[in-house]
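The values are calculated or read from the model by the stated rules, or taken from the named source; none is laboratory data. Treat the numbers as computed from the prediction; the structure is a model and nothing was measured. Cβ atoms come from the backbone with ideal geometry, glycine included; neighbour counts cover every protein chain shown. Only protein heavy atoms, including side chains, enter the accessible area calculation; ligands, DNA and RNA are left aside. Shrake-Rupley method; radii C 1.70, N 1.55, O 1.52, S 1.80 Å.
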Amino acid sequence: MKYSSVTQVVEGSRTGKNQVEYKTVGQTEITSTNSPQTVTLTPNESGSYRIRANFSDARDEQGATDLQIWATGDNPVFWGDGEKDRLEIKLDKTTFKPGETATALIQSPYPEGELYFAVVKDKPLYQQITKVKGGAPQIKFQVTPEMLPNAAVQAVLVRQGKPLNQLEPGSLDNLTRIGFAPLKVHLDDKFLKTQVTPVQGSLEPGAEQTVQLQLKDNQGNPTKGQFTVMVVNEAVLQLSGYRPPNLVDTVYAEQPISTRFSDNRKNVVTEQQGLAVPKGWGYGGGFSAGAANTRIRTNFQALAYYNGSVLTDDTGKAQISFKLPDDLTTWRVMVIATDGNLRFGNSEATFVTTKPLVTNAILPQFARPGDKFQAGLSVTNNTGNTGSLTIQGEVGGTVKFALNNPTSTTLQTQTEAVTRAYRFPMEASRVGEGKVRFTTQLNRTTADAFEVPLEIKPLEITEQVIETGVTTNQTKIPLNIDKNTFPDAGGLDIQLASTLIPEIKVPAQQVWEMMTYLLQNLRRVS
């Protein structure tokens, strides 16, 4: 079995698909008898194999059956595109007995690697670190009684071999993979055989009965032990269906097993980030070549055009025209058509809005008064040229820069044909809407700019104070205000009443509704 990957391209969208190819590497014919027959087939290299059996004169596959196996070895194997960080572990059996030797096959995606292998329950019961080669290394370990009734096999494989800068771009997407597989152990040896034989099959009430007991192990050998004997009225047992519990299942109940790894190698970038694909949501575009007359993009609505009724002419033709928003993205045109006779049709197409220099806002969804945060923009240079990049930022409303100039800032830097982020310290001054504008210019020839709002939400106020007393003309209620309280947050709301009744109006309303409900039910009963 050979796994391979193909890519389907539809309107610029790429979708990876896996496929399996079968190649016969060995075959033989055998005549069946009353007893099972043995066939010897030797795999020529490591990988996945399908053993398939069918009648020699069969004209179709209705009588065929097959079994998949895995062969170990040092040659590279492509196991298919599974989960990015998952390492597949295949055991040679579904269940094992204590004392047996288990074999685990590791479906390695790397030609060379360092493997940490362990069998765990509440702690590691077996572990080793070894160097492995090829796409199907194997690990052998002995199954011990500690692994009853279940354990887990785990493996961490770290890629080794050639330096990353010598690899073909796109041939490696991570440096480590983690695998986890269940390990079940037979409980047959934990069962004893008991035999209970009443001497008299029938006797008078009040007569004496004798019951013979026999205890043996799973192999039928007599063994020493202890019995708990209960003789209970069956009629009573039938009322509840009670039976003594199976202590093997109780004592050796399967345990849930989980592990946690802390490893940052999966976050290592294995190849340089490429240019941004001109698709997806974002802020981009611009028309002028210089920053002085660069158009500020402010319209970022998602719906570029909608018309519920576009009529065609007699030949079935029609056309529409509309102005696009300022988004840098892929737009999809979708149409539904009908001829008025309950016949319908659907169609769609895509197009892209983009330009050489792209700037996207990097802002929080909202902020609170007094919040300090890092915000700014990402710049994608699609021109293919390097050079001097000038960034000018302006803020207004309820947002300011936490620098010398609270309303504007300028950054002069060198850039390459990549995507980079630039952040500046900002501060939310008060509740309201702030404005954030950034203008970028590359080599004084290519520019882009955007302006977006940033909402500053009020702080939630939950504190309440209730004072009661008696006065004839005036009263004083002291307020303790923390010195670190933000001056533009919250406020003071005073409510006066001659009694405490306003404070219990909600409970009183609930009591009244309950009384009404009870009275209505009493009338219905009477």
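Could you run the Karplus curve 6.51 cos²θ - 1.76 cosθ + 1.60 with θ = phi - 60° over region 320-335 and give me ³J(HN,Hα) per residue in whole Hz, x for Gly and Pro?
Each residue of region 320-335 in turn: 10, 9, 7, 9, 7, x, 8, 5, 9, 6, 9, 9, 10, 8, 10, 10 Hz.
Regarding region 120-190, what is the average projected area of its C-alpha convex hull, in nm²?
Taking a quarter of the hull surface, the average projection is 6.2 nm².
Which entries in K23/K162; K23/K133; K93/K140; K97/K121 show an alpha-carbon gap greater than 21 Å?
Values: K23/K162 31 Å; K23/K133 24 Å; K93/K140 12 Å; K97/K121 17 Å.
From the list (K23/K162; K23/K133; K93/K140; K97/K121), the Cα-Cα distance tops 21 Å for K23/K162; K23/K133.
Which semi-axis lengths, in whole Å and largest first, follow from the square roots of five times the eigenvalues of the Cα gyration tensor of region 18-165?
Values: eigenvalues 209, 104, 33 Å².
Working through the eigenvalues yields semi-axes of 32, 23, 13 Å.
Considering only protein heavy atoms, with the full assembly of protein chains and a 1.4 angstrom probe, order K184, K216 by accessible area, largest first. Write down the numbers at each step before the final one.
Working: K184 95, K216 65 Å².
Correct descending sequence by accessible area is K184, K216.
Please compute the contact order of region 35-135 in relative form: average sequence separation of alpha-carbon pairs under 8 Å and at least six residues apart, divided by the residue count, as a percent. Present the calculation step by step, with values, prior to reporting the outcome.
Working: 145 pairs, mean separation 24.0, N = 101.
Answer for region 35-135 is 24 percent.
Would you mind counting up the charge near T312? Only other residues with Cβ under 15 Å from its Cβ, with Lys and Arg at +1 and Asp and Glu at -1.
Numbers: positive: K317, R343; negative: D313, D314, D339.
After counting each charged neighbour, the total is -1.
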